[in-house]
Each structure stands twice: as C-alpha cells, then as structure tokens.
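Just so it is clear, none of the values below were taken in a lab; they were calculated from the coordinates. What you see is a predicted model; the values in this text were computed from it and never measured. For neighbour counting, all protein chains shown are included, and Cβ atoms are generated from backbone atoms with ideal geometry for every residue, glycine included.
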Amino acid sequence: MSYLDLLMAQQEEVSEAEGGGGGVWVVADVVDGAVAPVTLEALGAARTLADALGAYVYGVLLGSGVSDQAQLLYQAGADGVRVVDDPALAQFATAPFLKVLSDLFAEEQPEVVLFGATEMGQALAPRLAQQMSGGLIEHAATLSLDEETRTVQGAVPIYGGEFFEVLACPQARPQFLTVEPGALGAPFLDRYRSGEPTALDVTLAEPDVRILGPAEGFEPPAVPLAQAPVIVAAGRQAGDFALVQRLAAALGGRVAGDRGARDAGWIEADQVIDVRGVTVSPDVYVAVGIRGDTFHNAAIEAAKFVLAIHPDPEAPIFALADLCIEGNPAEVVPALLEALG
Amino acid sequence: MRIIVILGRVLDPAGITINQRAGRIFVNREEYVIQPADRCALEVALRIKDATAAEVVVLPRGPLPDDDILRQALAIGADRAVYFTRERFKADEAVMVRLLEAAIDRLGGADLVLTGATTLDSGQGQLGPRMAAALDWPQILDAWQAEVVDGAVQAVRQDGTGYVTVEAALPAVVTVVPGAVKPRYPDGVRLVNIYKNVGEIAAALERWEVTDLVGVDMLVPLVERRGQDFPPPRERGVRLSGAPDEVAVAAAQALQKRMNG
C-alpha cells in the first residue's frame, strides 16, 4: 500500500464513521499452523472492496501458535489484525471459534465478512449470519461491488460451474460471503507492509461436539464409474496397461477404457466408456492411447477437463481434449508419473 | 423421539442443457427430483427410525409450487409431511429458518434435525447451520452416517484422509453429504395410496398456512438474484510439444491444478 493509498484510506475514514460501517473483515483459515492460501485470496479481494468502499480491512487469526502468521495477513492487505493464540484452538471446533467471533463482531459491527469456503467457513458463516440477521452468499467465485448501495455481489457456481448466478444481500448487514478456494487468485504480498496485531482477551467456550476417535470399519460407499471425479482410460495404443493402472493410482482415479481396451482383455465390460456402455462426467479425464471414435467422444462430452495422449496427430480425441500430447504413451506416461511425484 | 428431515427439490440436471455461447439455459424436460443430499438425510432418518422407532416428519427447505416431493418422501417411509401453503411466497434460507422454527414449535419440538449438506444446483449449505443457530443446538456438518446412542447422536465425518466418529448431545442438527448412503426406493402401495389420497397415509400430508406460522413482515428474503454469468467457452485442443519429459511436467502441473482447484 502506497502513502497515497494510506492517505486516501484515512480521508475516507470520516465518511466511514458517519455511515456506521465497520470495515471488511476476513477470518483466517489455519492449516498445519500456516495461513491457508484461500485466506490470502480473500484478503486481496477484501483490499479491493475496502478501497472502493473507503473502509479498513481487518484479519482475524484464531489458532494455536499462530501469532507469527499475523504479518502475512498485513502483507496480503490487512490494516488491522486481531489474534487469539490459545492451545485450546489448535483444532477447529464450532463452539469455541463461534463464541470468539460472535463476541468480536457484536462489538465491531462489520460491514462485510469474508470466509474461505472451507470446513471452518461453512460451519461458522451461516451461524454468525443467523445470529446477526446477516445475509450469506456461499461459494462466491468472483466478487463485485454495487457502490451505490455498498453491496457486495458474489457470483455463485450453479450445477458445479456450468454457469454462475450473481447474488447480493442489499438490505442485510453484515454481509457474509464464503469464497471458493483458488477462484480469486493470489494477491500481491507487500513485504514492506507490517503492523502490530491486537491480542483479544476472550473466555473460550467448550466444544459441544466430541471426537470419539477413528471410525473403525467405516467404508464410504463405492462411487459408480459414471460419477467418479477422476478417470484414467486406456485405448489400443496405450501399450502397457500396468502404466495406466499406476497413473490412475497416482491421480486417485478409476481405471476404464474404450472398446479396444476391452478387446485387449484389460478391462471388464462395465468399464467401457462409450455411449453404448458408461457415459461419464468426471472433473479430470485422462485418455491414454485412445483414438476417440464418435461413440467414445460422445460419452465423455460432459468431462470438465480432458488430457489426451496419442501418437497419431490426426486422432479425433484431440479435437475434444483440453490438453493434447502427441506421443507414444509408453514414453509419455512414465515421464508423467515421475513429474507427478 | 421426533426427527425432522428438511428436504428440497431440484431440476433434474439430465433434463437441461446449458449453452454457454448463447448464454442461455434450455430446459428440455422439466422434471424435479428430491435434492440428492436431502434424500440421503431422509435415508439416515429412516435407519434411525428402524432402530429406535422414532417419528420422521418431513418439512420443505424452500417454497414449493406443488407437494410432489413430500408425497414421494411419505411413500419412501416418512410418517408425516407438512406443506406450506401460500401463493407465490418467496423465501431464502433466512426466511425458511424462521418458518421451520415455527413449524417445529407447532409440532411440539424435535430431538434431531437432519438435512442435506449441500444443494445440487446452487451448492448452498447454510440451511443446516442456520437452523442450529436459530435453535441454539450443536451441529454436525457433512456426516456420512448418523445413529442415536443413549440420548446423543453419533456421526461419521471425514477428517483429512480418514474418517472419525463424533458425538453431540441431543437435540442436534446433522447435515448429510450427498451419496453418503444408498437411499431406499418408495414403497409401491404407499406411492399409489398417497397419490390417490386413500388410506392412513393421505392424512399424513398436512397443509399449513404460512401466515399462521410467521408474520407477513417476516417473509422478506435477504438474498437477491442479480442475473446470470456464463464462463468463457473452453479452449480445446491445446497441443503440448517437446520432449516427453518436458510435456509431462507441463501436463502434470495442469492436472494438479485441476485436481486441487
């Protein structure tokens, strides 16, 4: 933040006091003692909103041994940071975190509160919104501002991102939003920005949900191939099927194939991706040595991302794939396995 | 023991096409189904009912133009269902929480509220925790399974790569992830009877006037829709060239980005 920006923020503070708004607040997600990337993304977005609103950006950092992370929040755009560093907050639990934030926000009356759309954000944002009669927009992928009414608009993915609906809560204050991790982009970290965080004096509530221990013998139900999020499929040109299986294991995906793979005896009939077999809609589909006939390509039309590896540059699969590698799968797949670690 | 299951309906995605270039949604077949996560919540409730002889009451998560999904829920095995009647009433989660809270009060209270952790279309999961806040009950979100043991609810949740069992004292709110359990099918005889309005089951579907539960001034949604936005069309056919090692690194980065985002 430049001196000019600072000057502008200070000048705007007067109107801020008249309007009674309480700034843009970001509640930090802490993973393994470090601030999560989604928090920095939210701070970057909060900075932009606050500059347009003429408000300050505040970060809230709750956890155990997290005090030294506060500077990172300043670097990402916070003007003030509130910290509660307590061993009892080492692991996220709804009741103690909720108590700290509801007391804090009851006093500060924020105008906008951003959370990451993570376990913590999804547990706390709705509860705080309900307690404070605030509006909540979940999983916002982009944020924009309606300056006239000081309303933050969030674009929410519908049917998993096929399109977005733009939502706003013009009447309710505070406006709560949870932001989708990875959607807003990482902010510029200004290494010359720093500040003195304020430690909050709080009495912590006891958790109302007890963890009894690992769920012995629990197995989540098997996902049918049609709904699998990651699929690695083999075709006639795959060469070594064991490599395809290793790639599927490395990506945590399911093994499948086209009719050629079925003819080669690599897969069973219920693993054939084809409009006459299984139609799929995975997030990631890797086609190894699949030429891609009409029936196969129609069956993967709904896939969100397709990586195709095939030696023939004219293979029809390349017209459908997002990323194409012309090459022999026997050479490319081992290199890919190595690159994936 | 009384279990409340809150369920909603969703336009079956198999019947719609989204044309991103035209920026329009085409509804080819207008067919509504119970939200998949809510249907799993109903199944969890029915399993608790099988084990403890609880009463399962179904309430809607939003305004419904017809009572179809409530009839389906009754055919699947719920004991009672309440349809909120009011012409063209609009509601978001904040309004529904007030309405549901009043409805639970009129039912004479509840011990457990179950609902889906997320909706299939808009991905919103705020109804469960908002209910927990309004009722001031503990919440367990994203459960894979739940059962009632000695006046407490025990649920299985994902914790990192493993699963843990957690426990909260009743009354409590539990939300269930979609696909957590295999829901049972409706019973044929019950399905016919509920649509023909014959037998005991017909009386299980009650109609309550919204304004008897909450004041008209409470029926003001906070969330406003301000249009739609379509993502840019996908850029297909991007070719990677170079030695296998180099293209593999670029491809691995692209894959990892997709899988983590």
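In the protein assembly as shown, the DSSP-assigned H stretches of four residues or longer account for a calculated mean residue ellipticity at 222 nm of -9500 deg cm²/dmol, using -39500 (n - 2.57) per stretch and the full residue count as denominator. Taking 7 Å steps out from each Cα toward its Cβ at A:Thr149 and A:Gln171 produces label points 1.0 nm apart. Put the Cα centre of region B:43-103 next to the Cα centre of region A:40-108 and the gap is 38 Å. For chain A, the average shadow cast by the Cα convex hull is 21.5 nm², which is a quarter of the hull's surface.
With both residues required to sit in chain B, DSSP beta bridges show an antiparallel share near 45%. Among rounded, prolate and oblate, which fits region B:1-54 when a ≥ b ≥ c are the square roots of the eigenvalues of its C-alpha gyration tensor, a/c under 1.5 means rounded, and a/b larger than b/c means prolate? Verdict is prolate for region B:1-54.
Kindly state, to the nearest 0.05, the FRET efficiency for B:Ala250 paired with B:Asp79, given R0 = 56 Å and r defined as their beta-carbon distance. So the FRET efficiency works out to roughly 0.45. Under the shape rule built on the C-alpha gyration tensor, where the axes satisfy a ≥ b ≥ c, region A:148-191 is oblate, since a/c reaches at least 1.5 while a/b does not exceed b/c. With only Cα atoms counted, the protein assembly as shown has Rg and Dmax values of 25.8, 77 Å. Seen through its C-alpha gyration tensor, with square-root eigenvalues sorted a ≥ b ≥ c, region B:64-220 comes out oblate because a/c lies at 1.5 or above while a/b is not bigger than b/c. Between A:Phe188 and A:Ser67, the modelled labels are 3.2 nm apart [label points 7 Å from Cα along Cα→Cβ].
Length available on full extension from B:Asp150 to B:Asp12: 0.36 nm per residue minus the Cα-Cα distance, which gives 45.8 nm. Measuring from a point 7 Å past the Cα of B:Arg47 along Cα-to-C-beta, which residues in region B:111-141 have an amide N at less than 19 Å? Those under the cut-off are B:112-118, B:140-141.
Just so you know, the Rg over Rh for region A:3-199 is 0.94, from Cα atoms, with Rh as the Kirkwood radius. Note that region A:314-324 has calculated 3J(HN,Hα) couplings of 8, 4, x, 4, 5, 6, 9, 6, 7, 9, 10 Hz, one per residue in order, obtained from phi through the Karplus relation 6.51 cos²θ - 1.76 cosθ + 1.60 (θ = phi - 60°); glycine and proline are x.
Ordered by the count of other Cβ atoms within 10 Å of each Cβ, fewest first, A:Tyr74, B:Tyr185 give B:Tyr185, A:Tyr74.
Considering the dipole of region B:167-236 built from charges on the beta carbon (Lys and Arg +1, Asp and Glu -1) around the Cα centre, which of B:Leu205, B:Pro183, B:Gly215 is farthest to its positive end? It is B:Pro183. Separation of region A:187-260 from region B:202-257 is 19 Å, based on Cα centroids.
Charged side chains reduced to their Cβ positions (Lys and Arg at +1, Asp and Glu at -1) give chain B a dipole of some 920 debye around its Cα centre. Considering region A:225-340, its Cα convex hull presents a mean projected area of 5.9 nm². In this Cβ point-charge picture (+1 for Lys and Arg, -1 for Asp and Glu), the protein assembly as shown has a dipole of about 1620 debye about its Cα centre.
Label separation (B:Arg29 vs A:Glu219): 3.3 nm, computed from points 7 Å beyond Cα along the C-beta direction. Quick query: amide H of A:Val286 versus all other amide H atoms, modeled in the peptide plane; which residues come in under 5 Å with a sequence gap of 5 or more or a different chain? Residues meeting the criterion, in which the H sits 1.01 Å from N, are A:Ile231, A:Val232, A:Ala233, A:Leu307.
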